[in-house]
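A.B. asks: Next up is a structure, given as C-alpha cells.
Read-outs: derived from the displayed coordinates by stated rules, not from any lab. Just so you know, these numbers come straight off a predicted model, no measurement behind them. Cβ: placed from backbone, ideal geometry, glycine included. Neighbour counts: every protein chain shown.
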Amino acid sequence: MGFVDLLQSIITPALFFSAPLIFTALGGVFSERSGVVNIGLEGLMVMGAFVAIVFNLTFADALGAFTPWISILVAMVVSGIFSIIHAVASVSFRADQVVSGVAINFLALGLGVFLTKQWYGKGQTDMVTEPFYTTDIPLLGDIPVIGPIFFQNTYLTSYLAIVLAFVAWYILYKTPFGLRLRAVGEHPMAADTNGINVYKMRYIAVIISGAMGGLGGSVFALTIALNFSHSTIVGQGFMSLAAVIFGKWHPLGAMGAALFFGFAQSLSVISAGVPFLKDVPQIYLLIAPYVLTILALAGFIGRAEAPKANGVPYIKGSR
Amino acid sequence: MGDYVVEMLHIRKEFPGIVANDDITIQLKKGEIHALLGENGAGKSTLMNVLFGLYQPEKGEIRVNGEKVNITNPNIANDLGIGMVHQHFMLVDTFTVTQNIILGSEPTKKSGKINLKKAEKEVQELSDRYGLKVDPAAKISDISVGMQQRAEILKTLYRGAEVLIFDEPTAVLTPQEINELIEIMRSLIKEGKSIILITHKLKEIMEVCDRCTVIRKGKGITTVDVKDSNVTELASLMVGRDVSFKTDKLAAEPKEVVLKIDNLFVKDSRKVDLVKGLNLELHAGEIVGIAGVDGNGQSELIEAITGLVKSESGTIKLNNKDITNMTPRKVTESGVGHIPQDRHKYGLVLDYPIGENMVLQTYYQKPFSKGGVLNFKAIYQKATKLIKEYDVRTPSEHTKARALSGGNQQKAIISREVDRSPDLLIAAQPTRGLDVGAIEFIHRKLIEERDKGKAVLLVSFELDEIMDVSDRIAVMFDGRIVANVKPEETNEQELGLLMAGSTESAGDK
Amino acid sequence: ACGSSDSGDKNNDKKSGEKVDNGEAADFSAAMVTDIGGVDDKSFNQSAWEGLQAWADEHGLAKGKGIDYAQSNDQSDYMPNLTRLVKQDYKLIFGIGFNLKEGITKVAKQYPDTHFSIVDDVVEQPNVASVTFKEHEGSFLVGVAAAMKTKTNKVGFVGGVDSPLINKFESGFIAGVKSINPDIDIDVQYAESFGAADKGKLIATNMYNNGIDVIYHSSGGTGNGVFAQAKDIKQNDPDKEIWVIGVDRDQHEEGQIGDNNVTLTSMVKRVDIAVQDLANKSMSGDFPGGEILEYGLEDDAISVATTNEEAMTDEIVEAVNEWKEKIANGEIDVPKTREETKEFVDAL
Amino acid sequence: MTSNKKFHLLVPIISVFLGLLFGAIIMLFSGYNPIEGYAALWQGSFGDLYFFGETLRKVTPYILTGLAVAFAYRSSLFNIGAEGQVIVGWLAAIWVGLSVDAPMYIHLPLAIIAAAVAGGIWGFIPGLLKAKLGVHEVIVTIMMNYIALYCTNEIIRSILTDNAEITEPIPESASLASAWLQNITYFSRLHYGILIALFAALVMWFIIDRTTIGYELKSVGFNQHASKYAGMNVSKNIILSMAISGAFAGLAGAMEGLGTYGTISVMSGFTNLGFDGIAVALLGANSAVGVVLAAFLFGVLKVGAVNMPTVAGVPSELADIIIALIIFFVASSYLIRWLLLRFKKEGK
Ligand SMILES: Nc1ncnc2c1ncn2[C@@H]1O[C@H](COP(=O)(O)OP(=O)(O)OP(=O)(O)O)[C@@H](O)[C@H]1O
Ligand SMILES: Nc1ncnc2c1ncn2[C@@H]1O[C@H](COP(=O)(O)OP(=O)(O)OP(=O)(O)O)[C@@H](O)[C@H]1O
Ligand SMILES: [Mg+2]
Ligand SMILES: [Mg+2]
C-alpha cells in the first residue's frame, strides 16, 4: 500500500473518530476557561446523541436530506438547556462543580434510556434512516496527495469541527466576550471589580459547553452509532475532558489532542493489518493509544496550568 | 455639604462574629487627599469595600456630590466615578497591562474584534498624562509590583474615576516607588481628582494628606486636619494609648558566629544569577538589617538559606554546621525561623484554622503529635496562648486563617516563628501592612530575641525600620553585600547611594 | 434489618410471590434472566423472550401470568434476579447468555427442586439443562456465502470480545470461506467490546479500504459501526459491491440504504426455538436435567437468512444448502476453536 | 456548632426525600404507579434478608471506591482512575488466589494485600507523573482505566486461563465468602468484605483527621508553597495520596473477586464501580462517614431498582435519575449550609 494511501487510510478515519471529541472538548474549554469544571461532558454527549436520534427518527420522512443537520441543531439546543442545571448548581448554588458534573452524567443517561423505553418500548432505538454521509470536497478533493488524504470521503461535520475550533479560538482570544470570559476564569474578583457579571459569564460558558457537548454527541450518533442505547456514548465524554486538559484549555490545543486520540486509535487499527506489525500481539496495539497519550504528556506536553479560578465558585466579597 | 464629593454617613457593616464597621462617618472634600487610619482589623478595607460596592452596609447612607446613592456593585461605583486600588491587586496575571485596563470596556473594531492597537495607544496617553510609567504590552506576571500598581491606578482612570481609593498602596512598594506614588497622587489632585488613602505609615499621612479620619475597632473616632496634628497624636488616636517610635534598645553585644555565608550563588526561576558570590556573617545577639532595592537578590538569598531554592555554589553554615541545600525541614530543625515576605503564598495555609497554622512546622513533634497521631488539645492550647500573647484579632482559634485581616495574619505568623525561638530568625518585611502599634510590638519582639542571644536577619525596604532596629546594616546590591555600616554612623542619603550601587563605600569604618 | 420481619422462610415471600400465585399457571411457569444486553437487545435476549412469549400463547399464559423476565443492569444482578424468580415460584428459569453460567451454577445448587436452563454455556447440575448452539456451523455457512460473494478474495471478521464463544463464530466462518476457496484472505479483528461502534467503524473502514468486500461481524453494538461504514460507502457509490453479514438475528433492516441493502445475509440464531422447545419438554415432565442440548441447523435453531434475494443468488443459496447437507450428514466436522480451525484448513 | 451538625444530617435527608419525590412525580407522568414502583424498590433491597444481604454486598465495593475518590479529593487530587484500580485489584486478588497455595490465614490476607498493592500502583503512576512532571492526574487516570481493562482481559485469556472468558473459582483459603452470612441471608452473596470496607472507612477517617500524614496531605492540597515552606515533601504527599487512594479502589476489586464472584471474567466494558465511586464520594462530602452512608444509599437504589421492571414495570433507569437528583440537592444545599453557618457565627 502506497504511502499516500497509508496516510489516507489513517487520517480519514481519524477525522470522523475525532470530530465528536473536538466539538465536546471545545465546549469543555469554554466552560473551564470561565472557571466551571465540567466533567458532565459525557452526560451532555449522551443527551445530544439521544435527542439527535429521536429527532432524526421522528422527522426523517418530513425533512429528508436536511434531517441530520436539523437534528444536530436541535440536539445543541436541548443539551444547551439541559446544561443549565449544571450552571444553576455550580454557579448560583455554589455546588462543588465536580459533584453537579457527576450528577449531569447520571441524569442524562438515566433520562435518555428511560425515555427511550417510554417512547419505543425497548432499550435501544432503531437505526436512523437519515445519518450523515461522507463526501468528496469538489475542487480540493482533486488536489494531488493532499486531496485524497484530507478532502475525499470525509464527513462535513469533521470539517465543521475543525472550523469551529478556530472560531472558538477567535472568540476566546480576540473578542471582548472572550477576554471577559477568560478573566472570569482567572480572577473573578478582578473581573467583578471591572463591572463584569461573573455569574452571567459563567452561565453563558456552561450553556455553550452544553450545546457543544450536545453537538459532539449528536454527530457521534449520526455518523457512527446510528442509533441510541445505554452503550452509545461510553467514555467519549471523558476522552473529551482529557482532550481539554491535554490541549491546555486552548481551543486549538484541544482540537489537536482530540485529533491525536483519533489518529492513535486509527493507527492501532491499521497496524493490525500492516504486515510487519501483524505478529505484534493485539493487546499492544489495543493499549497503544492510551500509552501514547501518557507518554506524550509526560514527554513533551508536561505541566498544564488550569485557569486559576477553575472549580472555585465565585463568592462576592471574599478572597 | 456641597463641597463633599463622597460622604459615608453612619455606616455599619457586620460580619459573622464581628462588627467590622460600627457607625463610621467619613466625608471626602473635592481635591483633597483624605487618610483613613486605623489598626489592623479596624475596618478600613471593609469600609472602602462598602464604598466600592463589594459589600452592602447594614446601616448608613452614602452620598456622592450630595446625591444619596445606593452602590450595590462595583459597576455602579465605576459609573459614579469611584475607583479603588485594592491592596491585593485586581489584575489577571496572564493578561497584558492593556488587557487588564480595558477589561470590561474594550474598544472594538466593526468586526467585533478587540482593537488592541487603539487601546494600547489610549493607555500610553493616559500613562504619559499622569506620569504613570507602564509598558502597555507587558504581561502582568512579568512586571514589578510597582508597575502592577500603576496599572491598577490606570485602570481606575481609564474608567474616568474622579475619586480614587488606595488600600495600603505603599505597603508593597519600595521607598523609591513610594516617592513616585506620592508624586502621582499629587498630580492626580492637580487633575482635580480626590483621594482616600489607607496607610499605616503616619509619615506618609503627614506628607501628603490634608485630613485624616481615624477609626478604632470598627468605630469612627475623629477626623483631624493633618497640618494641625502630628505623628504622635495620630498614633495615640488610632491605638488608644501612647506609642513610642524610636524603639529604645541597649547596645548589642555580638557573640559567636551563628550564620556564615561564603561566596554564595543562587539562580532564580528564570535561571539567571541573582545572588552572585555573596558573603555574610551574622553573630549571636545581633540584628543585621539587609538594606537594598527590591530585586537585588534579597528574596533569593533568604530562600537559599531556608532551603526553598537550590544554591548553585558556595556554602551556608549555621553554628558551623553546613546547611547548604538542606531541605526546608532540616533547615528549620537546625534552628532557623522564617517570617516570609509573601504571607499568603508561604506563611499560611489559608484554609486551615488559625490554630492549625500555628504548628505548621512543628505538627509532627511532641507534644503536638505522638506516633504520628495529632494531639489537637495540645495544638489548640498552644494556639490560644500565642493568639493571646501576640494579640492576634480573630473570632476564634478555629477561624480559618483566610478570614483574618492581613495584619492579623502577619501577627499570627510572627508569633509562630518567634515562639520557636530559633538561633537564627529571618524576618522579611515583617511589618508590611501593619499598624504602628503592631510594628512597635514586633520590633520589640525582634530585639528581645536578640537580647536572648539569638541572631536576627532583617530584610526590609523601609529604611527607617532598618535604621531603627538593626545593630548592623548590610547593604545588598546586585547579588552581593556591598557595604557594612552601623546605623548610628550613617544616614538615609548615604544608604540610598550605596543601595544604588555607588562604589565609594562608606562602610567598614 | 427492616426486611427480616416478613421473611420467615425463603419460599413464601408473599409480596413478590402473589403475582403468580393467583395465576392459573400456578402448576407450571417459566421465566428468564437477561444478561446486560437487556430483553430488547434486538439479539438473543430478545429472541429468547419472544420464544417464551410464543410458548406462553400456546398455553394461554402471559407476562406476569406464568411467564416473566428479569432484566440485569450489571453482572452482579444475575444472582439476585435468578433468586428473585425462584422466590416467585417459577418452575423453569432460563439464564440467557454465558455470563449467567456462574449464577446458574450457584443458584441451582441452592434450589435443587427448581429447574434451570443456561443458554450458550454448559452447567453440570442435575437440575440444569444446558442449551448451546452450533454457531460455528451457521458461521460456516455464511462463510460459504461470503466466499462466493467476494470479488476481491478478501473477507473480514469483526469480533466483539475475544472469547471462546465468539471464537466459535470466527472458526466456523474461516472454515466455511476456506472450504470454498483456500486462497481467500481473512482479516480477523476484535474490538474488545460489544458496544464500541466507533471502534467497529474504524475497523470496517480499514477493512474496506484494504479491498475487503464482505465483513462478518459478531460484535453486538460494535457492529453498528460496521453497518454505518458499509452504508456510507454504498451511499457514495451504489454500484460498489460491499457487504456486511449480520449475526444472531436477521439484520436485513440494519443494512437498508435507500433501495440498496448491504446486508448480504445473517447468521440467525433462534434462541426462541430452543427456549420454546425446552419449556415444552419440561412442562410435559421430561426436563433434560444435566443434559447438554445442542441446537443447530437440523432443528432450524441455526439458519442463514435469505432475505436479501438479489444478493443471495440462487447459486449461493444452493451452495449453502449443499454444505448444510454435508454438515448434517457428518461429512464435515466444523471447527469450534482456533486449533481445530488450523487443522481443518491445513487438511483442505 | 451543634445545629451545624444537625444541619449536616438534615441536608442529605431532605435531599433524599426530594429526590424520591421527584422520582415519584416522574413515575406519575410516565403513567406508572409510584407506590408500586417504590414498593418494588423497597422489596428489591429490603424485601427479605436475601435482598438485604445482596444490598449490603453491593454496598461493600461502593464504600471502598467512594473512599478512594474521597481520599484523593482531600488533597485536591481528582482520581477518575478508581475504575481501573478496581479492575487491577480484582485481577491481582484472583491471581494470588489461584496461583498461591497456602492456609487461609496467609492466603486470604495475601490476596487482599495484593489487590491493595495493585490498585496502589495504578494510583502511584499518575501520582508520580503529577508530582514530578506536573502531568494532570485526570488525563492519566482516564487513560490508565483503559489500559487496566484491556491488559486484564488479556491476562485472563492468556495467563490465568487457556483463552477462556472466566477463570476457575478461587479456593476456599482465599475466599471472603462466608457460609454463615450466606445462611442467615438465604444464600445472598454477602461476605466478610463488608467488615473490611467499614474498617477501611475507619482507617481513612483516622488518617485524614487524626494523623500527621493527613495533616500534610490536606495542607499540600490547600497550598503547596506553604507546605514546602513548612518542610513538607510536596511530591511525596501527592504520590502517597494517589497511591493510598488507589489501594482503596484495589480493595474494592478484591471484594468483587474474593467475595462476590470468586472469579474474574473477561470484561466487555467497565465495572462502573469506580465511576459510581466518584458520585458516592461527593455525595458523602468526601468524609469517611459520609461515604459509608452514601454507598449504602447507592446500594439500596441500585439493587432495588433491578426489581422495579419485573414487579412494577418501571424502567430501572429511574434509579439513576433519582440518584442524580439526590446528588443535585445535596450539592446545591451547600448554599443553605453556608448561610446557616454564618447565621450561627453571629449568634455566638
Ligand atoms: N468578608 C469578611 N468576612 C468576615 N470577616 C471579615 C470580612 N472582611 C473583614 N472581616 C473582618 O472585619 C474586620 C475588619 O477587617 P478589615 O479588613 O476592614 O480591617 P483593616 O482595617 O483593613 O485591617 P488591615 O489594617 O489589616 O487591612 C477584621 O476583623 C476582619 O477579620
Ligand atoms: N473569606 C473571608 N472570610 C473572612 N474575612 C475575609 C474573607 N475574605 C476577605 N476577608 C477580609 O476582607 C478584608 C479585606 O481584605 P484586604 O484585601 O483589605 O486585606 P487587608 O485586610 O487589607 O489585609 P492586608 O492589608 O494586611 O492584606 C480582610 O481584612 C479580611 O479580613
Ligand atoms: Mg485592609
Ligand atoms: Mg491591611
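A.B. asks: Take the alpha carbon atoms of segment C:221-238, find their center, do the same for segment B:136-206, and report the distance between the two centers in whole angstrom.
C.D. replies: 68 Å
A.B. asks: Can you return the aspartates and glutamates within cross-link range of C:Lys109? Criterion is Cα-Cα under 15 Å, with same-chain partners fewer than 8 residues away left out.
C.D. replies: Cross-link targets: C:Glu124.
A.B. asks: Under a cut-off of 20 Å between alpha-carbon atoms, report the lysines in cross-link reach of B:Lys388, not counting same-chain residues fewer than 8 places apart.
C.D. replies: B:Lys217, B:Lys377, B:Lys400, B:Lys411, B:Lys445, D:Lys348
A.B. asks: Along the Cα→Cβ direction, 7 angstrom out, place labels at B:Asp391 and B:Leu497. What is the inter-label distance in nm?
C.D. replies: Calculated label separation equals 4.0 nm.
A.B. asks: Continuing with the same structure: Cα centroid distance between segment C:147-206 and segment A:1-64, in Å?
C.D. replies: First find each Cα centre; the distance between them is then 28 Å.
A.B. asks: Can you compute the helix-only [θ] at 222 nm over chain D? Use -39500 (n - 2.57) per DSSP H run of at least 4 residues, normalise by all residues, nearest 500 deg cm²/dmol.
C.D. replies: After summing the helix terms and dividing by the residues of chain D, the value is -25000 deg cm²/dmol.
A.B. asks: Shifting gears a bit: Using the crude model of +1 on Lys and Arg Cβ and -1 on Asp and Glu Cβ, and no other charge, please compute the dipole size for chain C relative to its Cα centre, in debye to 20. Each step should come with its number before you reach the end.
C.D. replies: Working: 33 positive and 62 negative charges, 186 e Å.
Charge dipole, chain C, about its Cα centre: 900 debye, nearest 20.
A.B. asks: With the contact rule set at Cα under 8 Å and sequence spacing of 6 or more, what percent relative contact order holds for segment C:202-333? Present the calculation step by step, with values, prior to reporting the outcome.
C.D. replies: Details: 160 pairs, mean separation 23.6, N = 132.
After rounding, I find 18 percent.
A.B. asks: For chain A, just the Cα set please: Rg and Dmax, both in angstrom.
C.D. replies: 20.1, 65
A.B. asks: Of B:Val257, B:Gly192, B:Val97, which is farthest towards the positive pole of chain B's charge dipole, taken about the Cα centre with +1 and -1 on the beta-carbons of Lys, Arg and Asp, Glu respectively?
C.D. replies: Final value for the positive-end residue is B:Val97.
A.B. asks: At 222 nm, what helix-only mean residue ellipticity would chain B give, in deg cm²/dmol to the nearest 500, using -39500 (n - 2.57) for each DSSP H run of four or more?
C.D. replies: Numbers: 16 runs with 159 residues, N = 509.
Counting only the DSSP helices, I get -9000 deg cm²/dmol.
A.B. asks: Sticking with this one: Which value, in debye to the nearest 20, gives the size of the charge dipole of segment B:356-509 about its Cα centre, when Lys and Arg are +1 and Asp and Glu are -1 at the Cβ? Let's see the in-between values first.
C.D. replies: On the way: 22 positive and 24 negative charges, 266 e Å.
That gives segment B:356-509 a dipole magnitude of about 1280 debye.
A.B. asks: Going by how many other Cβ atoms sit within 10 Å of their own, how do B:Cys212, D:Cys151 line up, fewest first?
C.D. replies: Placing the least packed residue first, the sequence is D:Cys151, B:Cys212.
A.B. asks: When only C-alpha pairs under 8 Å and at least 6 residues apart count, what is the relative contact order of chain C, in percent?
C.D. replies: 17 percent
A.B. asks: Further question on the same structure: Tell me, how many Å apart are the Cα centres for segment A:180-217 and for segment B:296-345?
C.D. replies: 42 Å
A.B. asks: Would you tell me the mean number of C-beta atoms belonging to other protein chains that fall within 10 Å of each C-beta in C:229-236, as a whole number? Write down the numbers at each step before the final one.
C.D. replies: Details: counts 5, 0, 4, 9, 3, 1, 5, 6.
What the average comes to for C:229-236 is 4.
A.B. asks: Let me ask another. Which trypsin sites (Lys or Arg not before Pro) does segment C:114-187 hold that lie in a coil by DSSP with at most 16 other beta carbons within 10 Å?
C.D. replies: Taking segment C:114-187 and a limit of 16 other Cβ atoms within 10 Å, the loop trypsin sites (Lys or Arg not before Pro) found are C:Lys151.
A.B. asks: Give me the percent relative contact order of chain B, please, defined on Cα pairs under 8 angstrom at least 6 residues apart. If you can, show how the numbers build up before the last one.
C.D. replies: Details: 1068 pairs, mean separation 76.4, N = 509.
Averaging sequence separation for qualifying contacts and normalising by length gives 15 percent for chain B.
A.B. asks: Along the charge dipole of chain B, which of B:Val418, B:Leu348, B:Ile221 sits closest to the positive end, that is, farthest toward it, with unit charges on the beta carbon of Lys, Arg, Asp and Glu (+1, +1, -1, -1)?
C.D. replies: It is B:Leu348, whose Cα lies furthest towards the positive end.
A.B. asks: FRET efficiency for C:Glu124 and C:Lys240, Cβ-Cβ distance as r, R0 = 56 Å, nearest 0.05?
C.D. replies: On the way: r = 50 Å, r/R0 = 0.89.
Plugging the Cβ-Cβ distance into 1/(1 + (r/R0)^6) gives 0.65.
A.B. asks: Sticking with this structure for a sec: Out of the trypsin sites (Lys or Arg not before Pro) in segment B:229-306, which ones are loop residues according to DSSP with at most 16 other C-beta atoms within 10 Å?
C.D. replies: B:Arg241, B:Lys246, B:Lys255, B:Arg270, B:Lys271
A.B. asks: About its Cα centre, how strong a charge dipole does segment B:59-205 have in debye, to the nearest 20, once Lys and Arg get +1 and Asp and Glu get -1 at the Cβ?
C.D. replies: Details: 20 positive and 20 negative charges, 81 e Å.
Here the size comes out at about 380 debye.
A.B. asks: Okay, moving on. Which distance in nm do the two modelled labels at A:Tyr170 and C:Glu253 give, with both placed 7 Å along the Cα-to-Cβ direction?
C.D. replies: 4.5 nm
A.B. asks: Which residue, chosen from D:Met204, B:Ser269, D:Thr310, occupies the Cα position most advanced towards the positive end of the dipole of the protein assembly as shown, where the dipole is computed from +1 (Lys, Arg) and -1 (Asp, Glu) charges on Cβ about the Cα centre?
C.D. replies: B:Ser269
A.B. asks: Neighbouring Cβ atoms within 10 Å as the yardstick, rank C:Ser303, C:Ser193, B:Ser111 fewest first.
C.D. replies: B:Ser111, C:Ser303, C:Ser193
A.B. asks: OK, next. Under the rule that an exposed site lies in a DSSP loop and has at most 16 other Cβ atoms within 10 Å, name the longest stretch of chain C with no GluC sites (Glu not before Pro) of that kind, not counting the sites themselves.
C.D. replies: Longest stretch, sites excluded: C:1-123.
A.B. asks: In chain D, if every C-alpha pair distance is counted and binned at 10 Å from zero, what percent goes to each bin?
C.D. replies: Final binned percentages: 6, 23, 31, 25, 12, 3, 0, 0.
A.B. asks: Cα atoms only: what Rg and Dmax, in Å, come out for chain C?
C.D. replies: Expressed in Å, the Cα Rg and Dmax of chain C come to 21.5, 70.
A.B. asks: Testing the spin-label approximation: label points 7 Å from Cα along Cα→Cβ at C:His59 and B:Thr399. State their distance in nm.
C.D. replies: 7.8 nm
A.B. asks: Among the DSSP beta bridges whose two residues both lie in segment B:257-499, what percent are antiparallel, rounded to the nearest 5? Intermediate results must be reported in sequence, preceding the final value.
C.D. replies: Numbers: 24 of 41 bridges.
The antiparallel proportion sits near 60 percent.
A.B. asks: Per-residue mean of other chain beta-carbon atoms within 10 angstrom of the beta-carbon, peptide A:107-120?
C.D. replies: On the way: counts 8, 3, 4, 12, 6, 2, 7, 10, 3, 3, 9, 6, 1, 1.
So the per-residue partner count for this stretch is 5.
A.B. asks: Another question, then. Please give the average number of partner chain Cβ atoms lying within 10 Å of the Cβ of each residue in A:171-181, rounded to a whole number.
C.D. replies: So the per-residue partner count for this stretch is 4.
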